[in-house]
Structure formats: C-alpha cells, structure tokens
Amino acid sequence: MGILSGTVPLSQLRIKDDGLPSDTSISQKSTEDSVLKYYAEYAPNNLEKKSLQSVNLERADHVPFLRKGLDQLSQWMVGLDASKPWIVYWILHSLDLLEEKLSSSTIERALSSFAKWQSPTGGFGGGSDQLAHLATTYGSINALAIIGTKEAYDLIDRESLYGFLLRMKQPDGSFTMHDGGEIDIRGSYCALAVAALTNLFTPEITENCIDFICRSQSYEGGIGPYPGKEAHNGYTFCGLAAMDLLDGMSSLNMDKLIKWCSGRQMELEGGFQGRTNKLVDGCYSFWGAGDFPLLSKALEHGVNDDIDYLFDREALQEYILICCQSEYGGLIDKPGKGADYYHTCYCLSGLSTCQHSVHYDTKAAEQLKARGIDSSRGGISSLLWAASNEATVVGNVDNLLAPTHPVHNISMGKARAMVHYFYKNELKQVLDLLPRDEEAWEA
C-alpha cells in the first residue's frame, strides 16, 4: 500500500471541506501544504520522481542527538524537571530500537539516578525528593528494563512499589496518578504495565479495572481519559494495552473501536491524528499504530498481515521517514517543528510497530493452560508475544529497527528478560513452551 507508491495524485487526497473555511480546515490545509513540499519529489505524477528506496533513516544524526541528551540538557528543558525518568526512558528506548549499546558508565549513572528518584514510600518521582507518580514510575520501570542488568532489576523495591500501586487504586477500578492526584486511563495503563513486568499483578490491583475502562469508551468508539470524555489516541492505546493485560478486550464495543482507530490515519499525510478533526502528529505514529497489534490479537488473527486493510503500514513509514526527521538529529511532530526526545521516541516506536510482524502465540497459551499456568493476564501474557523475521520496510533496508513490545513499548527482548527475572519460580517448569522471536530478533 502506501501513498507515494500508489497511482492517485496527491491533490486528490487533500481535505474536502464545504467551502466554508474554519480554523480547523485552515490549519489542516496549511499542514497538508507543508507535507506536500516533502512528498512532491516522490509523488506518483512527478515525471522525475525519486525512488522511495532512496529514503533513509538518518541514524548518524539521531544517535548523537540522543546520546547528547544523556550528558546535558538545554535550559529550555527546565520545565520538565519533574519528568526526568521519562526523558531517560525516551532516550534509552530510542537508542535500543536503533540497536545502540549503552556504555558501562552510562548504566552506572542511570542506576545511581533511579536510586535517588525512588520514593521510600514506593514508586518513583520525577526527580530526587519528588512525589511518586504513576507516569514516572512507568518510565522508571521501563528504563530499568532497557538497562536489563540484575542490578537494575534489584534496584526496584517491589514491596514498597506494591504498596504505592494499592494506594493509587480506587474502588471504581481507576487509579490516581499520585497521592491526591487526577484520575485517568494513563493511571490504569501505567499501574497495570508496571505490575505485570514486576510480578505484582494481583486481584487487589486488577479489581474493577475492566469496568472503568469500558465506561471510558466514548460514543465514537475510541477511549477517553475517563467516562464521558472525548476519545483520544493516547488514551485509547493506554486503555487497549491495559485491557490486553486484563484479558478484557471482549468487553469493549469492538466494531466502533476498530472504525475509530482506523479513521485516525490521515489520508494524505499517512500519519495519525490524536482526535477527530485534529492535525497529524508524529507521536501518534505509536499511539495510533500501536492499537493494531492489540486489536489483531483481540480479533484472534495471527499476524499483522491480517490487519493491513485497517492500517496502512507503508503510508505511516513514508510520513515518519520523509516528514519527521530533523536535519539536526531527532524526530519531530510535523514539518516546521523542532526535534525533542518525546517525539523521537514515539516516532521510532511507531516506525518499529509498522515495520514488524508481531503476533500473540495462542498455541503456547493453550499449552501453558494445560500445565496449570494462566497466561491470559499479566506478565506471563506479555511473554507470549513474538516477532517474526517478516518485515515491511519503506526505503533502505537499513531503516529496519528492532521490534518493540506491543503492550510495554520496550524492545521484545528487554520485556521478556524482565518478566523472566521476576516470574522465574512460576516459569521454571514451562520454559520449553514459551515462544521466542525468530533468529534475527533473539534477545
């Protein structure tokens, strides 16, 4: 598929309004103009069109941009002082997808920092002596998983972490983000993802969670931050990933959900928008594309090939590679924007998602069940995802990234290793049944 490899003139894919311009339609047309400037040399009706095979992921620019962020941040980043674990996660995950190794000194510094950011009352704050927060706890656990050493795993105070998760849990199945904080679907996903990776996925943690997420599904079909609010692609991914961990996907209105998720991919740009009538944004490359492996599993399909009609993987790659790479390194929201670590992380995560065929091994789940292991929920469920060697790559073959886990958004091997570590007692008798990535993507 794809937009630039087709035969339809790009002008026919532009927004068709009713002749009564609004702020929304004016912004959309302006965004399309900026995208077309980048697409023109590859356009189907350009007699001198460049080959898409010439499109490169500029690793030599992105890696230094990312590594610099581990050493020094600009003064403009002071506004993210309460997001230090997030910044580390965004950078480490991006480097991991690019298959860049971390130095021993970087690992040592990271572990020292996370030790300071861990709260004595459980969870991780946004920095030293800051309030523990579910979002920065999620970023911290994911970053420690990426580091992937025994020292990183053992740094996690699981007893106090569990107490923190229980304090955040509300009777209706929702979670507050911090003591006295707001409630939304982010809390559900962050808490459940952390609990799944660290073997804290208990009935007390999961009680009523499915009901809260179901009530947050909007009339459009997507999922909002909490019941009664507008559907949003970030919250929709959080809701779907949480539901996958809970084995609760069948409780959602799947017909409306699939229609809404598919409708967020933009016709001309190929990237995803976050909400109805909003602009394309590179970060939704993951929050949007990430919905589809989870939907595929819920529909009992085996591999991503079955959902290509719902999601154009080539079109998204075209948008990321042609429109979202900064000449100074890093990736961006849309043409005209500057690079940052957040957009770099989620553009690369989306690129990985649409390149790889990642499937859930239902046969292994049945075999585990026969041996008395419930693999339908929590961390053991996360082990049953596997990446194949089949890939869809736009441009140079070297554009291929490592596969990211569809639930946790860390690389497949790093997610698997953390689950193995914290579930070793439960898994020691069934290791022979667990699926593995095909050879090229072995941890």
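Key figures
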{"quantity": "Top-ranked residue of region 403-434 - restricted to ones that are among the hydroxyl-bearing types (Ser, Thr, Tyr) and outside any loop (DSSP other than H, G, I, E, B), ranked as nearest to the chain's Cα centre (by Cα)", "calculated": "Thr404"}
{"quantity": "Residue match in region 62-84 (condition: at pLDDT 95 or above, buried (at least 16 other Cβ atoms within 10 Å of the Cβ) and more than 30 Å from Ala132 (Cα to Cα))", "calculated": "yes"}
{"quantity": "Flag if Ala135 is surrounded by fewer than 22 Cβ atoms within 10 Å (Cβ to Cβ) and under 21 Å from Gly350 (Cα atoms)", "calculated": "yes"}
{"quantity": "Filtered residues of region 368-384 (kept if in contact with a helix residue (DSSP H, G or I) (Cβ under 8 Å, 6 or more places away or on another chain) and either without any contact (Cβ under 8 Å) to a residue 60 or more places away in the chain or open to solvent by 40 Å² or more (accessible area, probe 1.4 Å) (or both))", "calculated": "Arg371, Ile373, Asp374, Ser375, Arg377, Ile380, Leu383, Leu384"}
{"quantity": "Residue in region 178-189 that is of a type in the set (A, V, I, L, M, F, W, C) and over 23 Å from Phe272 (Cβ atoms) present", "calculated": "yes"}
{"quantity": "Flag for Thr362 being surrounded by 24 or more Cβ atoms within 10 Å (Cβ to Cβ), in contact with a Gly (Cβ under 9 Å, 6 or more places away or on another chain), closer than 27 Å to Asn142 by Cα and polar (S, T, N, Q)", "calculated": "no"}
{"quantity": "Total residues in region 206-246, condition open to solvent by less than 20 Å² (accessible area, probe 1.4 Å) and either of a type in the set (A, V, I, L, M, F, W, C) or free of Cβ contacts under 8 Å to residues at least 12 places away in the same chain (or both)", "calculated": "13"}
{"quantity": "Residue match in region 271-284 (condition: of a type in the set (Ser, Thr, Tyr) and buried (at least 24 other Cβ atoms within 10 Å of the Cβ))", "calculated": "yes"}
{"quantity": "Leu52 crowded, with 17+ Cβ neighbours inside 10 Å, out of contact with any strand residue (DSSP E or B) (no Cβ under 8 Å at 6 or more places or on another chain) and farther than 30 Å from Leu10 by Cβ", "calculated": "no"}
{"quantity": "Any hit, region 389-398, residues being in a helix (DSSP H, G or I) and either open to solvent by less than 10 Å² (accessible area, probe 1.4 Å) or modelled with pLDDT of 95 or more (or both)", "calculated": "yes"}
{"quantity": "Unmet criterion (only one of (1) at pLDDT 95 or above; (2) farther than 30 Å from Thr344 by Cα; (3) crowded, with 18+ Cβ neighbours inside 10 Å) for Leu433", "calculated": "(1)"}
{"quantity": "Residue within region 334-349 that is part of a loop (DSSP other than H, G, I, E, B), farther than 29 Å from Gly282 by Cβ and open to solvent by 20 Å² or more (accessible area, probe 1.4 Å) present", "calculated": "no"}
{"quantity": "Test result for Ser357, buried (at least 17 other Cβ atoms within 10 Å of the Cβ), modelled with pLDDT under 95, part of a strand (DSSP E or B) and touching a helix residue (DSSP H, G or I) at 6+ places or on another chain (Cβ under 6 Å)", "calculated": "yes"}
{"quantity": "Among residues of region 155-193, those that are more than 14 Å from Gln118 (Cα to Cα) and hydrophobic (A, V, I, L, M, F, W, C), counted", "calculated": "10"}
{"quantity": "Residue list for region 294-332, filter: touching a strand residue (DSSP E or B) at 6+ places or on another chain (Cβ under 9 Å), at pLDDT 95 or above, open to solvent by less than 20 Å² (accessible area, probe 1.4 Å) and not aliphatic (A, V, I, L, M)", "calculated": "Tyr319, Cys323, Cys324"}
{"quantity": "Of all residues making up region 21-39, the number that are of a type outside the set (S, T, N, Q), under 16 Å from Leu268 (Cα atoms) and either surrounded by fewer than 13 Cβ atoms within 10 Å (Cβ to Cβ) or at pLDDT below 95 (or both)", "calculated": "3"}
{"quantity": "Test: Leu166 is more than 25 Å from Leu348 (Cβ to Cβ) and among the hydrophobic types (A, V, I, L, M, F, W, C)", "calculated": "yes"}
{"quantity": "Enumerated helices (runs of 4 or more DSSP H) restricted to region 7-115, each holding at least 1 residues that are free of Cβ contacts under 8 Å to residues at least 12 places away in the same chain", "calculated": "23-39, 59-71"}
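Here is a yes/no grid of residues against (1) open to solvent by 30 Å² or more (accessible area, probe 1.4 Å); (2) touching a residue at least 40 places away in the same chain (Cβ under 8 Å); (3) out of contact with any Gly (no Cβ under 6 Å at 6 or more places or on another chain); (4) under 19 Å from Tyr89 (Cβ atoms):
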| residue | (1), (2), (3), (4) |
| --- | --- |
| Tyr153 | no, yes, yes, yes |
| Asp157 | yes, no, yes, yes |
| Ser160 | no, yes, no, no |
| Leu166 | yes, no, yes, no |
| Ser174 | no, yes, yes, no |
| Arg186 | yes, yes, yes, yes |
| Val194 | no, yes, yes, yes |
| Glu204 | yes, no, yes, no |
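The values are calculated or read from the model by the stated rules, or taken from the named source; none is laboratory data. What you see is a predicted model; the values in this text were computed from it and never measured. All Cβ positions, even for glycine, are placed from backbone atoms using ideal geometry, and neighbour counts span all protein chains on display. Note: areas computed on protein heavy atoms with side chains; ligands, DNA, RNA excluded. Shrake-Rupley method; radii C 1.70, N 1.55, O 1.52, S 1.80 Å.
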